[in-house]
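Everything below concerns the one structure shown next.
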Amino acid sequence: MHALIIDDSRTMRSILKRIVHELGFETTEAANGQEALDVLEAGLQADLCLIDWNMPLMDGYTFVTRVRADQRWRNLTLMMVTTESEHSQIVRALAAGAHEYVIKPFTAEAIVEKLELLGLHAKEVPA
Amino acid sequence: MITVDQPAVQDVYSVVEEVWNTFLGDGVPILPGARDLPDDAWYSAITVTGEWEALILIAMPLALAGRITTTMLGLPEDDECSTEDLTDALGELVNIVGGNIKSLMPGPSTLSLPLVAQGAVTTTSDLVEVCEVGVVWHDEPVLITISVPKLAGGAS
């Protein structure tokens, strides 16, 4: 399985990469929504996108709407991973087509739990 | 009607404690306590605009900023991190702390992208500091301050 990690912070990409690597995912990184779209357009076969909300050039919400508007990526699972914790923002993201929503700060277990709910869990996280 | 326009110190402390324990948890607890920062401290800032408006600042000495950066990036403790890494890690830290503080306040409001710099930060004269939380981690000080526009803070 392959995860596309979309966050303008290299630090956050690194944290998420460590977590999903432990679960057996290969990863590709993108620093904003536009870069992520470019990677998908170039043919990356991703199963999962982990998406920050606030990013320069293209934010996570716009990325979700763009992906959901394109049938080529209808099987792609979209998970927001963001500090945006207002109820209205969560509702907006889910209505736009995000499957799950994780609020920072998160534990590795929280990510695993969400991936299990989405049927994307490959391996157990070491204690 | 009571208008709440500043978070409680204890709530801010709880946010900081949760962020530290989740992303920086190495068995060393953060402790409450205010100490002076060195002149070359690093500052990370984020602004909130909308229903609640504020400037949230986190300041800490360089050594601690380096420790936080290597921890968040999963690098060996004695690795020297680049200024770029440090800027990125401190920016993400204030983004997470700021986002969680924002969630305590009336919304909707929006977070800016973070700004990170070394050296004392002077806020504009139309802001007033309404909350200050000092903590100590690895025997080094961290100072979190929240400033709001004077009218919202009720100050003259």
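Read the figures in this text as sums done on the coordinates, not as results from a lab. None of these values were measured; they are calculated from a predicted model. Here the Cβ positions follow ideal geometry from the backbone for every residue, glycine too, while neighbour counts run over all protein chains shown.
A few notes on this one:
- For the range B:32-64 versus the range A:74-125, the spacing of their alpha-carbon centroids is 29 Å.
- Theoretical ellipticity at 222 nm over chain B - DSSP helices of four or more residues, -39500 (n - 2.57) apiece, nearest 500: -10500 deg cm²/dmol
- Highest average first, the peptides A:49-62, A:85-98, A:11-24 ordered by how many other beta carbon atoms sit within 10 Å of their residues are A:49-62, A:11-24, A:85-98.
- Mean separation of Cα pairs under 8 Å and 6 or more residues apart, divided by the residue count, gives the range B:9-150 a relative contact order of 37 percent.
- Summed side-chain charge close to B:T70 - residues other than B:T70 whose Cβ falls under 9 Å, Lys, Arg +1, Asp, Glu -1: -4
- Proxy reagent accessibility, fewest Cβ within 10 Å first, across B:W137, B:W42: B:W137, B:W42
- In this structure the amide hydrogen of B:Q118, modeled in the peptide plane, comes within under 5 Å of the amide hydrogens of B:Y43, none closer than 5 places in sequence on its chain.
- Count of lysine pairs in the protein assembly as shown with Cα separation under 26 Å (8 or more residues apart, or interchain): 9
- Tensor-based shape of chain A (alpha-carbon gyration tensor, a/c under 1.5 rounded, otherwise prolate or oblate): rounded
- What you get for the range A:1-108, charging only the Cβ of Lys and Arg (+1) and of Asp and Glu (-1), is a dipole of about 140 debye around the Cα centre.
- Averaged over the residues of peptide A:83-92, the number of Cβ atoms from other protein chains lying within 10 Å of each residue's Cβ is 5.
- Footprinting exposure proxy ranking of B:V130, B:V28, A:V67, fewest other C-beta atoms within 10 angstrom first, gives B:V28, B:V130, A:V67.
- For A:L57 and B:T83, the FRET efficiency from 1/(1 + (r/R0)^6), where r spans their Cβ atoms and R0 equals 22 Å, is about 0.45.
- Between B:V15, B:P32, B:G50, the Cα set farthest toward the positive side of the dipole of the range B:9-150 (charges on each charged residue's Cβ, about the Cα centre) is that of B:G50.
- Backbone HN-Hα couplings from phi across the range B:93-101 [Karplus 6.51/-1.76/1.60, Hz, Gly and Pro as x]: 4, 6, 4, 6, 4, x, x, 6, 5
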